[in-house]
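Peer 1: Mind looking over this structure? Questions follow.
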Amino acid sequence: MTAKSERQAARGSMAAYHQEQLGQLLTHVSDALDDSRSGRLDAFEVDRVLFQYSRAAEELWKFCTLDDVEFAASLVHRSSPLTGGSAAPSSSTDHPARASPRVADIRNSACRLRD
């Protein structure tokens, strides 16, 4: 393969990965909204999920648009169970974990502010 065709293949791989990961993140948001409608989550808990989605989507975008697309694609390829890699996400590809709020419990913090 030529360098150009390798970059194109890596870009295609990263685009597919980005779309797949965004779909998973949106599933979390959808589940939270469904739980809110059924009364299992309150507005603060849904807000926490939306905040985490926003940060995770930002981390995912940064990862998927690295200058070295071949390197990013190799990380994704190595961590994918479909390609024989480890099923556990690496720290560089676990976007929801990297986007977790730094405050342990945002809801309790918000409640303290109201008191």
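Peer 1: Here are 18, 77, 28: which of them is assigned to a helix (DSSP H, G or I) and in contact with a Ser or Thr (Cβ under 6 Å, 6 or more places away or on another chain)?
Peer 2: None of the others qualify; the one that does is 77.
Peer 1: Let me spell it out: the conditions are (1) at pLDDT below 90; (2) within 15 Å of residue 18 (Cα to Cα), and residue 68 meets all of them except one. Which number is the exception?
Peer 2: Checking residue 68 against (1) at pLDDT below 90; (2) within 15 Å of residue 18 (Cα to Cα), the one that fails is (2).
The values are calculated or read from the model by the stated rules, or taken from the named source; none is laboratory data. All figures in this text were calculated on a predicted structure; none of them were measured in a lab. Every residue, glycine as well, gets a Cβ built from its backbone with ideal geometry; the counts of neighbours run over all protein chains shown.
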